[in-house]
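Undergrad: The structure under discussion is supplied below as structure tokens; questions concerning it will follow.
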Amino acid sequence: MSPPRYRGRFAPSPTGALHFGSLIAALASYCDARAQGGEWLLRIEDVDLTRRRAGAAEAIAATLTTYGFVWDGPVCKQSERGALYAQALDRLREQGRLFACACTRRELEATLPGPAGERVYPGTCRGRPVAGTEGRAWRVLVDDAPVAFSDRLQGRQQQRLDRDVGDFVVRRGDGLFAYQLAVVVDDALQGITDVVRGADLLASTPRQIWLQRQLGFATPTYLHHPIAIDGSGRKLSKETGAAQLPDDPLPALFRAWQFLGQSAPQRPPRSVAAFWRWAIAAWDSRSLPPVAMLPSDADVASQPFAR
Ligand code: GLU
């Protein structure tokens, strides 16, 4: 049987407008998919309704269109897929993998980080009957088997979930499904074969692979590209006040291209359509730097292909 055709995705959270960091993720996933003749899907990750901003999903789609991205099929919205996440949760419950957790935020904040730097759930409610299920989070009972995978850029990765993360939340106390569960269900049911996303999510991938295995889903290949950080070393994000993308796409597209270590064109494309024709042909995932610095505006201005 021939392997399934490449199907990638871009999965922004609609917590605000797209910024330079999101453009990097969109561009990397788009070029990687299109360069291999693959599909590219747009998924709005609004599973966390408390962080969703009115109109942000529409604004993201409009910006992507202005920037010349063309996605395949309808836009998928996590907020409309609760029944699918509930089915996955039931499956985990049937397997005896779920338990209710009554720990307070304060108790959880007092837990210490493990070897991987993340707070490790100490197992407080594991095997302990918790009175009532209202307002309770649901966690999965992890095990001590190493979860390893080979990232196309970052190389071999391995975690032991019991030691590095602990039993993690799949449904929150407020009833919302957790990102880790939603993304696993969506990647599987949308037939995603290749995940290209920021390296800030690298540490989440073993949790996702573990869930895929519990749920009988295939594991896609992963490529975690470098992410843009601001002057104080924080990831560019809506929360840290990253500026929204400018109306004029070409300079920002070139800047993202350059950030991803891709080669400069001999003659700078003069239109967005020409940029994409050139970029998809020129994309080389092997020249991605594992980590990258955000170029300052001065550096960008001195580049031959910056306008
Ligand atoms: N929604 C996540 C974000 O905006 C991306 C998740 C993913 O690509 O798996 O950072």
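The values are calculated or read from the model by the stated rules, or taken from the named source; none is laboratory data. What you see is a predicted model; the values in this text were computed from it and never measured. Ideal geometry is used to build each Cβ from the backbone, glycine not excepted, and the neighbour counts take in all protein chains shown. Areas reflect the complete protein model, heavy atoms only, side chains present, ligands, DNA and RNA absent. Shrake-Rupley method; radii C 1.70, N 1.55, O 1.52, S 1.80 Å.
Undergrad: Sort 83-91, 221-229 by the packing proxy (mean of other Cβ within 10 Å over each peptide's residues), most packed first.
TA: Values: 83-91: 15.2, 221-229: 21.1.
Listed from highest to lowest mean packing, they are 221-229, 83-91.
Undergrad: So, one more: Considering amide H positions built from the backbone, and no H for Pro or chain starts, which residues 5 or more places from Trp40, or on another chain, come under 5 Å of its amide H?
TA: Under 5 Å from the amide H of Trp40: Gly8, Asp72.
Undergrad: Using amide H atoms built in the peptide plane, which far-off residues or other-chain residues are under 5 Å from Ala137 H to H?
TA: Under 5 Å from the amide H of Ala137 lie the amide H atoms of Cys101, Gly173, each far enough along the sequence or on another chain.
Undergrad: Show that you can apply the helix-only estimate: for the chain, add -39,500 (n - 2.57) for every DSSP H stretch of four or more residues, divide by all residues, and state [θ] at 222 nm to the nearest 500.
TA: My calculation for the chain gives -9500 deg cm²/dmol from helical runs alone.
Undergrad: Roughly how many Å² is the accessible area per residue of the stretch 130-273, as a whole number, for a 1.4 Å probe? Each step should come with its number before you reach the end.
TA: Details: 5990 Å² over 144 residues.
Heavy-atom accessible area per residue stands at 42 Å².
Undergrad: Which one, Val272, Cys101, Gly55, projects farthest toward the positive side of the charge dipole computed for the chain from Cβ point charges (K/R +1, D/E -1)?
TA: Going by the charge dipole, the pick is Cys101.
Undergrad: Run the accessible area of the stretch 97-255 with a 1.4 Å probe and give the carbon-and-sulfur part as a rounded percent.
TA: Of the solvent-accessible surface of the stretch 97-255, carbon and sulfur hold 50 percent.
Undergrad: Moving on to the next point. At most 11 other Cβ atoms within 10 Å and a DSSP loop assignment: could you name the GluC sites (Glu not before Pro) in the stretch 80-166 that fit? The partial results should precede the final answer.
TA: Details: sites: Glu80, Glu94, Glu107, Glu109, Glu118, Glu134; in loops: Glu118, Glu134.
When the GluC sites (Glu not before Pro) of the stretch 80-166 are filtered for loop state and at most 11 Cβ neighbours within 10 Å, Glu134 remain.
Undergrad: Evaluate the charge dipole of the stretch 25-178 about its Cα centre and quote only its size in Debye, nearest 20, assuming +1 on the Cβ of each Lys and Arg and -1 on the Cβ of each Asp and Glu.
TA: Charge dipole, the stretch 25-178, about its Cα centre: 300 debye, nearest 20.
Undergrad: How much net charge surrounds Arg160 when only the other residues with a Cβ under 10 Å from the Cβ of Arg160 are counted, with Lys and Arg +1 and Asp and Glu -1? Walk me through the intermediate numbers first.
TA: Details: positive: Arg163; negative: Asp143, Asp144, Asp162, Asp164.
After counting each charged neighbour, the total is -3.
Undergrad: Ok, one more. Using +1 on the beta carbon of Lys and Arg, -1 on that of Asp and Glu, and nothing else charged, what's the dipole of the chain about the Cα centre, debye to 20?
TA: 220 debye
Undergrad: Another question about this same structure. Report, in order of residue number, the helices in the chain meeting two criteria: a C-alpha extent of 30 Å or more along the helix axis, and a mean Kyte-Doolittle hydropathy of at least 0.5; treat each whole DSSP H run as one helix.
TA: Answer set is empty.
Undergrad: Keeping the other protein chains in place, figure out the carbon and sulfur percent of the accessible area of the stretch 13-64, with a 1.4 Å probe.
TA: 51 percent
Undergrad: Could you size up the charge dipole of the stretch 93-151 around its Cα centre, putting +1 on the beta carbon of Lys and Arg and -1 on that of Asp and Glu, and report it in debye to the nearest 20?
TA: 300 debye
Undergrad: Full-extension gain between Val70 and Asp143, please, as 0.36 nm times their residue separation minus the C-alpha to C-alpha distance.
TA: Length gained, Val70 through Asp143: 22.2 nm.
Undergrad: Return the inverse of the average 1/r over all pairs of distinct C-alpha atoms in the stretch 96-178, which is the Kirkwood hydrodynamic radius, in Å to one decimal.
TA: Its Kirkwood hydrodynamic radius stands at 13.8 Å.
Undergrad: Give me, ordered by chain and number, the residues 5 or more places off Gly166 or on other chains with an amide H under 5 Å from its own placed amide H.
TA: Amide H neighbours of Gly166, under 5 Å, 5+ apart: Tyr121.
Undergrad: Next question. Once you have the Cα-Cα distance between Ala243 and Ala273, take 0.36 nm times their residue separation minus that, and quote the gain in nm to one decimal.
TA: Extra length from Ala243 to Ala273 when fully extended: 8.4 nm.
Undergrad: Same structure, new question: Relative to the compact-globule scaling 2.2 N^0.38 Å, provide the ratio for the alpha-carbon radius of gyration of the stretch 1-95.
TA: 1.22
Undergrad: Using only the alpha carbons, work out the radius of gyration and Dmax of the stretch 163-268 in angstrom.
TA: Here Rg and the maximum Cα pair distance are 17.5, 55 Å.
Undergrad: Over all pairs of distinct alpha carbons, what does the Kirkwood formula give as the hydrodynamic radius of the chain, in Å?
TA: Kirkwood hydrodynamic radius for the chain: 20.6 Å.
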